[in-house]
1. Show the residue pairs that are 6+ apart or on different chains and have beta-carbon atoms under 9 Å apart, the first residue being within segment 19-40 and at positive phi, the second being open to solvent by 70 Å² or more (accessible area, probe 1.4 Å).
2. Can you tell me how many residues in segment 11-50 are more than 14 Å from M1 (Cα to Cα), loosely packed, with under 12 Cβ neighbours inside 10 Å and small (G, A, S)?
3. Quick check on R19: is it basic (K, R) and in contact with a Leu (Cβ under 9 Å, 6 or more places away or on another chain)?
4. Only one of these conditions is not met by F8: (1) surrounded by 12 or more Cβ atoms within 10 Å (Cβ to Cβ); (2) part of a helix (DSSP H, G or I). Which number is it?
5. Pick from segment 34-58 the residues that are among the acidic types (D, E) and not in a loop (DSSP other than H, G, I, E, B): which of them is nearest to L18 (Cα to Cα)?
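The values are calculated or read from the model by the stated rules, or taken from the named source; none is laboratory data. Just so we're clear, the structure is a prediction, and the values are computed from it rather than from any experiment. FYI the Cβ positions are ideal-geometry reconstructions off the backbone, even for glycines, and counts take in every protein chain you see. When the accessible area is computed, the model is the full protein with side chains, heavy atoms only, and any ligands, DNA or RNA have been set aside. Shrake-Rupley method; radii C 1.70, N 1.55, O 1.52, S 1.80 Å.
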Amino acid sequence: MNFPKDPFLLLSFINTMLRDKYPSLSALCEDTGEDEKQISETLKQIGYEYSEQQNRFL
């Protein structure tokens, strides 16, 4: 699966996937083969961190 490279598009894409299909970021990354740490680092650069409780980046 090709994830967006732009951090803001990635944020929207990931949060939509988490809302609609996956119970956690780990499950999303396991299913798609994406690097969870890389996603988190990319989104942290624009001020967003993953909330396990809300299952989305805030």
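1. Within 9 Å, the pairs are G33/M1.
2. Within segment 11-50, residues that are more than 14 Å from M1 (Cα to Cα), loosely packed, with under 12 Cβ neighbours inside 10 Å and small (G, A, S) number 1.
3. Answer is no for this residue.
4. Here F8 meets the rest and fails (1).
5. Once the filter is applied, the top-ranked residue is E36.
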